Structure formats: C-alpha cells, structure tokens
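The structure appears right after this line, and notes come after that.
The values are calculated or read from the model by the stated rules, or taken from the named source; none is laboratory data. Since we're looking at a predicted model, the values are computed, not measured. So basically every Cβ, Gly included, is an ideal-geometry build from the backbone, and we count neighbours across all protein chains shown. The accessibility values were calculated without ligands, DNA or RNA, using every heavy atom of the protein model including side chains. Shrake-Rupley method; radii C 1.70, N 1.55, O 1.52, S 1.80 Å.
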Amino acid sequence: MYEILKLNDISPKVNDILDADHYTVATDCKEPSAILLRSFNMHDYRVAPSVAAVARAGAGVNNIPLDKMTEQKICVFNTPGANANAVKELVICALLLGSRKLVRAINWTQALTPDDTVAAAVEKGKKQFVGREIFGKTLGVVGLGAIGRLVANTAVSLGMNVIGYDPYLDVNGAMSLDRHVKYVADLKEVYANADYLTLHVPATPATKGSICADTIAQMKDGVVIVNLARAELVVNADILAAIAAGKVGRYVTDLPCAELLGNPNVVTLPHLGASTPEAEDNCAVMAAKQLKDYLENGNIVNSVNFPCASAPRTTPMRVTVLHKNVAHMIAKASSYVAHDGINISNLVSASRGEIGYMIMDLDGILSDKTLQEMRAQDGFMAVKAFR
C-alpha cells in the first residue's frame with residue numbers, strides 16, 4: 001500500500017488513478033511514498049525520508065526546491081500541457097481585452113443609474129469605448145510550446161497573421177503548428193511585425209527582463225503586449241513608460257503587481273490562466289499517472305530534475321539505478337546481473353547533467369544479496385527492484 005500526501009486540495013479524479021486497493025491519498029500521512037501538490041511552498045518544508053517522488057499538478061515548479069529534492073534522491077514531476085487549453089482560451093480573451101476597451105466599458109455600464117435613461121446613455125456614451133478588430137492583424141508568439149502552439153493555431157482560425165519564434169522548437173512541435181503560422185529564427189522579426197505580442201516562455205536568465213525599453217523600441221507603435229507566462233519577463237517600469245509615450249497601446253497580464261494597478265491601458269487579471277475545473281482535473285490526473293508509473297514501474301516521464309526514461313514491463317523483474325553520470329556505470333550494473341547468471345532483456349539509459357538513470361528488464365530474479373551489493377556500490381545513488 002502506497003501513501004500519497006496531498007499538500008493542496010487536488011481534484012478527486014486522482015482517486016480514479018490511485019485506486020484505494022493500492023493507494024491511500026490523504027492530507028496527513030506518517031510515511032508517504034510521494035507528495036501531490038499545486039501551489040504549496042516546499043522551500044522550508046521538511047520532507048519525510050520515505051518520499052520517493054513529488055508531483056506538481058501544474059507546469060511551474062518555482063515552489064519546489066529542486067536542488068534539495070535531487071540531493072534527497074526525490075524525483076520531481078510537473079504536468080506540462082495539461083492546462084494548455086485553459087491558458088490558450090484566456091490568451092485569446094486577453095487579445096480581445098487588448099483590442100476593445102471592454103473592461104472600462106463594463107465598469108462604465110455597471111455604474112449607470114438603473115432607470116429609463118439607460119438606453120439613451122448607452123447610445124451617447126459608447127463612442128468612448130471604440131476599439132479595433134484582431135482579424136487581419138499580425139500576432140507574434142514568443143515560445144511555441146504546448147500553449148504557444150495552441151494560441152498560434154487558434155489565432156490563425158480567427159483570421160490573424162501569425163509569426164512564431166522558439167529556438168527550441170522540435171520536429172513534433174513544428175508538425176503540430178498550423179501551416180499558416182510563419183516560423184522565424186530571429187526574435188527581432190517578431191518585434192518588428194507584430195501588432196500583438198504574446199509571451200509563452202519560462203523565466204530564465206536569458207528571458208528575464210526581455211521585454212524592456214530596448215526591445216519595445218523595436219516594436220510597432222501601438223503594439224498590444226500579452227503576458228500570461230511569468231512576471232519576470234517584463235520590466236514594468238519600461239512598459240509603463242512606453243504606454244505613457246503611446247508606443248505600447250495596451251498591456252494585458254495575468255500577473256498583477258502594485259505598480260501596474262490604476263493605469264487605464266493596463267488590464268490585470270488575478271492569475272486565472274489554469275483556473276478551470278477542466279484544467280485542474282487534467283493536471284491532477286497527469287500528475288497521478290506519472291507518480292503511479294514511477295512508484296510501480298520506475299518509469300520517469302516529465303521529470304524536471306531526473307533524466308526521463310521509460311519502457312513497458314515485459315519481464316519478471318525490473319531494476320532501476322539512479323547513478324552519478326560518470327563512465328562505466330552501465331558496465332558495473334550489468335556485471336552484477338551477470339554474476340547472478342541473468343540476462344538483461346532490455347536496457348534503457350538516460351542522463352541529465354550530473355545524474356544518470358537506467359532501467360534494466362531482467363529475464364530472472366536478482367538475489368537480495370546482489371541488490372544489497374549494488375546499493376552499496378560507489379556511484380549508485382539509488383537502486384530499486386520491481387517484480
């Protein structure tokens with residue numbers, strides 16, 4: 001029986017994956033095998049020695065101390081793409097909020113006196129809220145991951161001209177893009193041509209502060225900038241200065257802060273990107289599946305600190321080895337198996353930085369003595385057996 005500790009409220013759909021016959025999912029566990037969470041801050045949290053994995057029902061992992069988890073040999077998972085549709089829909093909404101003065105119009109209408117003069121007041125006052133259409137305009141998408149691709153494809157269907165930039169776009173990602181999306185290799189080309197710009201990249205040393213006075217100067221006058229990704233991508237003082245100068249038409253963000261409030265050309269939303277029951281269910285289910293596959297089979301999918309490696313179970317025994325990424329580790333592991341006279345039917349190996357991970361499917365059962373010797377081997381960080 002595995003105990004799964006919840007540090008946040010998680011969709012009950014996890015119980016469909018983590019069945020009651022083999023799993024206990026609770027907010028209080030004595031010896032949890034794994035942790036499920038959303039926004040809980042783990043940086044000052046003491047993790048029980050029994051924990052083998054942590055899964056966040058969401059993409060960002062800023063609330064998890066990855067280096068500390070790696071030191072404790074704890075595999076950390078996230079759920080990229082599970083909330084992509086929810087965020088995509090909000091981005092499309094943000095484009096419309098950036099085009100039409102909808103927020104001001106709604107506030108103005110709600111403030112009208114509820115009497116027979118409303119219709120006349122509306123006809124007289126609506127001119128102050130004239131906006132523009134997004135049809136035929138050019139949208140620049142910076143970052144063509146799961147969300148960026150959905151945004152790009154949807155914008156095409158709405159009649160926009162779309163140009164996208166992502167230096168890490170792989171073949172599968174490119175194939176999922178609508179053929180009308182123009183991919184460019186130079187970010188300056190996006191800045192120069194976009195009437196609307198939407199950001200879909202993580203906050204890294206290379207991207208933090210990337211929307212600043214210098215890059216804004218490369219953009220069209222009146223550009224609408226949408227940031228539902230990370231607050232650190234934008235230098236707020238530079239955005240506000242550009243709005244005041246008329247260079248930026250409107251800034252729409254899901255990441256408000258004090259300095260952005262009160263500006264009529266800044267639309268702030270309270271971090272609603274993944275706030276739908278569908279997205280929460282999708283993230284929870286993906287996180288639960290990844291935990292289950294790791295705990296029961298040693299497969300690693302969507303880890304943010306361990307190498308990702310997986311294979312179907314086809315033999316009586318599987319042994320996984322988390323090891324230092326140095327020479328001869330595979331040879332050492334194989335020698336232990338050979339000592340017991342057992343054939344390795346399948347071997348999968350992957351590395352990530354200083355860590356390596358191997359999956360060995362064996363045609364026989366390793367002795368407990370051999371497993372103990374492997375666990376004592378210098379360079380082997382963790383050895384697990386699955387039957």
Task: Looking only at the stretch 266-275, and only at residues there that are open to solvent by 40 Å² or more (accessible area, probe 1.4 Å) and part of a loop (DSSP other than H, G, I, E, B), the one that is nearest to Gly58 (Cα to Cα) - done: Ser275
Open item on the list: If I go through the stretch 1-55 residue by residue, how many of them are part of a loop (DSSP other than H, G, I, E, B), farther than 19 Å from Pro277 by Cα, out of contact with any helix residue (DSSP H, G or I) (no Cβ under 7 Å at 6 or more places or on another chain) and of a type in the set (Ser, Thr, Tyr)?
Closed with: 3
Open item on the list: Under 7 Å between Cβ atoms, which residue pairs at least 6 apart in sequence (or on different chains) link something in the stretch 321-346 that is within 17 Å of Phe386 (Cα to Cα) with a partner that is in a helix (DSSP H, G or I) and among the small types (Gly, Ala, Ser)?
Closed with: Val321/Ala333; Ile344/Ser334
Task: Unmet criterion (only one of (1) in contact with a Leu (Cβ under 9 Å, 6 or more places away or on another chain); (2) open to solvent by less than 50 Å² (accessible area, probe 1.4 Å)) for Leu112 - done: (1)
Task: From the options Ala192, Ala206, residue that is over 21 Å from Leu97 (Cβ atoms), part of a loop (DSSP other than H, G, I, E, B) and small (Gly, Ala, Ser) - done: Ala206
TODO: Might you check whether a residue that is on the phi > 0 side of the Ramachandran plot, open to solvent by less than 50 Å² (accessible area, probe 1.4 Å) and either touching a Lys or Arg at 6+ places or on another chain (Cβ under 6 Å) or without any contact (Cβ under 8 Å) to a residue 40 or more places away in the chain (or both) occurs anywhere in the stretch 355-371?
DONE: no
Open item on the list: Residues that are in contact (Cβ under 8 Å) with a residue 60 or more places away in the chain, at least 3 per element: which helices (runs of 4 or more DSSP H) completely within the stretch 60-172 meet that?
Closed with: 66-71, 84-99, 146-157
Open item on the list: Exactly one of these conditions fails for Val142: (1) among the aliphatic types (A, V, I, L, M); (2) over 19 Å from the mean Cα position of the chain (by Cα); (3) open to solvent by less than 30 Å² (accessible area, probe 1.4 Å). Give me its number.
Closed with: (2)
